[in-house]
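Structure, as structure tokens:
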Amino acid sequence: MGLLFCILFAAFFFTAPFVGCSRSLPGSLQPTTVLDVAEALQKTKNALSFDPTKKPAVSPLDQSLSSASSSSSLSLQIHPRVSIHKSSHLDYKSLTLSRLARDSARVSSLTTRLDLAVNGISKSDLKPLDNGLEFKAEDLESPLLSGASQGSGEYFSRVGIGKPPNQVYMVVDTGSDINWVQCAPCADCYQQADPIFEPASSSSYSPLTCETQQCKYLDTSECRNDTCLYEVSYGDGSYTVGDFVTETITVGSDSVKNVAIGCGHNNEGLFVGAAGLLGLGGGPLSFSSQLNASSFSYCLVDRDSDSTSTLDFDSALPPNAITAPLLRNHQLDTFYYLGLTGISVGGELLPVPESAFQMDESGNGGIIIDSGTAVTRLQSDTYEVLRDAFVKGTKNLPSTDSVSLFDTCYDLSKKSSVDVPTVSFHFPDGKVLPLPAKNYLIPVDSEGTFCFAFAPTSSSLSIIGNVQQQGTRVGFDLGNSLVGFVPNKC
């Protein structure tokens, strides 16, 4: 009767954005989950003390929990940023604020890119390449070294570039297609952990001509002496410009020949630490697309640890994976959209229509899953319903001031653990992914301030970020258009 009343009430007041009624869910969903406050605070202290000059700790993958890795034809280790790039921040709060500033820039760049695509505007219409740009030896300067610990991307993989392979760290990014690496000679290069790649030392380096299909796939390109130049700008002031070439990329003992990759001679912005970027987006130039991979999966370890996990290609989804439809946008093939039907808090499904998570015919709206965005963004109306439900379930916890983009924070300095409402994502056919408490109530300092790690966005695009993905193996079955989630599988 209560559900019938809710439906009738919603129909009568159809002009309201969301109707304030929710529905209890049957089944085994636990209404609350435990957050280990003491453990989370200890990790904040460890995050500032890692020594990146020492080899990051490698956690042996439990084979009984790692069928994806064992069946993979190609596998890379994934490292969190703190394990390879020592922070210059003196306290965890300043590190958090730096991360959130990077994250806001990241989200702005993604939404801007989508807006341009939906409106049929090319980047080259807005910012054409400087045709007079030349990379002459007499014009070159030494690499620009920055002492700041800014940098795009929280997760890195170690790969070899060229033949013989030059080992470098690359940002792993499902929101980008174009692979690129900083190259000598540098007109402008930022600081990276490894030596700059020298194309002259590689026997497999081969420039692409302007007539090649790889060059034509670029959003922004230019010709010089019939060789292809590329430019990628990320909407936050970061960019890379250089020659578009093919190279050999080595992963462990496996080598992949003739991978189209940018050789960047002018690079600037928020990439400090990594030598470049490994694109895992859905476009034809991404590393996964050039491998012709039928699937890939990754597991993102806790960003405040020095442990590692893997990025696996051609790894089948295990039978126990919680699956959801993988959707694509005809306006922009880079992003991986997710068939999300709802969100619950404390076992109660939020009164949010499915349309809040759906893409329309023009390519607006929808929700993507992204390895490079940290904090999940939801449309403002949806976020407010989620936040209010969480606040209702945490009335026993002492609240405190907001921090940056987090408007719901708590003082847990006197707690060692707390029970909080379980937040779960819901997919078609009744499939549910409950999130661990540590993936949505996170420390922002080492003193005991924890914040609800979701944020509103004014964009029509929603994003599931990597904080919510930590500790879960996320698989993309490209052939069957499915996204799979397997908790506790790093």
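Summary table
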{"item": "Net charge over other residues, Cβ less than 11 angstrom from the Cβ of SER309 (K, R count +1; D, E count -1)", "result": "0"}
{"item": "Under-5 Å amide H pairs with ASP173, H placed in peptide plane, nonlocal only", "result": "LEU278, LEU280"}
{"item": "Entries in LYS392/LYS489; LYS163/LYS216; LYS93/LYS431; LYS43/LYS392; LYS93/LYS395 that, when Cα-Cα distance is taken, lie over 30 Å", "result": "LYS392/LYS489; LYS93/LYS431"}
{"item": "Euclidean distance of C-alpha centroids, region 148-207 and region 318-375, integer Å", "result": "32 Å"}
{"item": "Over 16 Å [Cα-Cα, region 224-286], rounded percent", "result": "54 percent"}
{"item": "11 Å reach of a label modelled at ASN320, 7 Å along Cα-to-Cβ, counting backbone N of region 469-490", "result": "486-489"}
{"item": "Qualifying aspartates and glutamates (Cα of each under 20 Å from Cα of LYS45; at least 8 residues distant if same chain)", "result": "ASP36, ASP91, GLU154, ASP302, ASP304, ASP306, ASP411, ASP445, GLU447"}
{"item": "Region 241-391, accessible surface, carbon-and-sulfur percent (1.4 angstrom probe)", "result": "46 percent"}
{"item": "Charge tally in the Cβ shell below 14 Å around GLU247, where Lys, Arg are +1 and Asp, Glu are -1, GLU247 excluded", "result": "0"}
{"item": "For THR373, residues with placed amide H under 5 Å, excluding near neighbours", "result": "ASN466"}
{"item": "Scattering curve values for region 171-283, log₁₀ I(q)/I(0), Debye with Cα scatterers, q = 0.22 Å⁻¹", "result": "-1.42"}
{"item": "Estimated inter-spin distance, ASP360 and ILE121, nm [label 7 Å along Cα→Cβ]", "result": "1.8 nm"}
{"item": "In nm, spacing of pseudo-spin labels at SER417 and SER402 (7 Å Cα→C-beta vector)", "result": "3.2 nm"}
{"item": "Region 267-304 residues near the modelled THR227 label - backbone nitrogen below 11 Å, point 7 Å along Cα→Cβ", "result": "none"}
{"item": "Taking all pairs of distinct alpha-carbon atoms in region 316-439, Kirkwood radius in angstrom", "result": "16.4 Å"}
{"item": "Cα-based Rg / Dmax (Å) for region 222-339", "result": "16.7, 54"}
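The values are calculated or read from the model by the stated rules, or taken from the named source; none is laboratory data. Here the structure is a predicted model, which is why all the values come from computation and not from measurement. Please note: Cβ atoms are built from the backbone with ideal geometry, for glycine as well, and neighbour counts cover all protein chains shown. Side chains are part of the model used for accessible areas, which takes the heavy atoms of the whole protein and leaves out ligands, DNA and RNA. Shrake-Rupley method; radii C 1.70, N 1.55, O 1.52, S 1.80 Å.
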